[in-house]
Structures are given as C-alpha cells and as structure tokens.
1. Could you run through region 38-76 and say how many residues are modelled with pLDDT under 90 and among the hydrophobic types (A, V, I, L, M, F, W, C)?
2. Of the residues K83, K46, which is free of Cβ contacts under 8 Å to residues at least 24 places away in the same chain, assigned to a helix (DSSP H, G or I) and over 47 Å from the mean Cα position of the chain (by Cα)?
3. Output the qualifying pairs, or none if there are none: Cβ atoms under 9 angstrom, residues six or more apart or on different chains, first residue in region 3-26 and surrounded by 10 or more Cβ atoms within 10 Å (Cβ to Cβ), second residue modelled with pLDDT under 95.
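The values are calculated or read from the model by the stated rules, or taken from the named source; none is laboratory data. Predicted, not measured: the structure shown is a model, and the values here were computed from it. Please note: Cβ atoms are built from the backbone with ideal geometry, for glycine as well, and neighbour counts cover all protein chains shown.
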Amino acid sequence: MNTLEKIDKIELKVRQLALKLERTQERNNQLHEENKQLKEKVISEKDKIVLLEDKLSKISEALKIKQGEDSEQLQTIRKEIDKYIKEIDKCIEWLGEGI
C-alpha cells in the first residue's frame, strides 16, 4: 500500500468521523431541546399540582364547615321533633281523659 492510498484511507476515515461527530452533535442538540421542554413541563405540572392542592384544601374546609352546619341543623330538627312528640303525647292524654 503506497502513501497515497494510506492518505486516501485516512481522509475517508476523517470524513466518516466528521460525519459521525456532526450526527452526534445534532442528536445532542435535540436531546438538550427535549430536556428543556420536559423541564418546562415539569414546572408547569408542579404549578398545577399546587393549585389543585390549594383547591382541594379549600373544598375540604368548606365540606367540614358544611358538615358542622348540617349537624347543628339536625340537632335543631331533632329538638323540634321531640317537642312535637311531647305535644302529641299530651293531646293523646287529653283524649284519653275525655273518653
């Protein structure tokens, strides 16, 4: 193999290596862009999570308050029912005395 052939082989390998380097750099740039987009998406999703957690907390508090109000209303209704039952019992007694 003469010197010219060796130079041609070396030149071919250098071109192949340069092409491989160019493809690797392009892939690297693509991966950097994808990584950047994914980081932005993670930040966006974290913001959504914070908003949803806040909303859930507010709804949970409102539900607890509502349950407390319902409990108070239930007690009031029970007291009224007890009062009506006593009045009905008195009426039954009066009817029994009249017979």
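1. From region 38-76, those modelled with pLDDT under 90 are 60-76; that's our starting set.
If we keep only those that are among the hydrophobic types (A, V, I, L, M, F, W, C) as well, we get 62-63, 65, 74.
Residues flagged as modelled with pLDDT under 90 and among the hydrophobic types (A, V, I, L, M, F, W, C) within region 38-76 amount to 4.
2. Numbers: K46 fails: over 47 Å from the mean Cα position of the chain (by Cα).
Checking each option against the conditions leaves just K83.
3. Cβ pairs passing all conditions: K9/M1.
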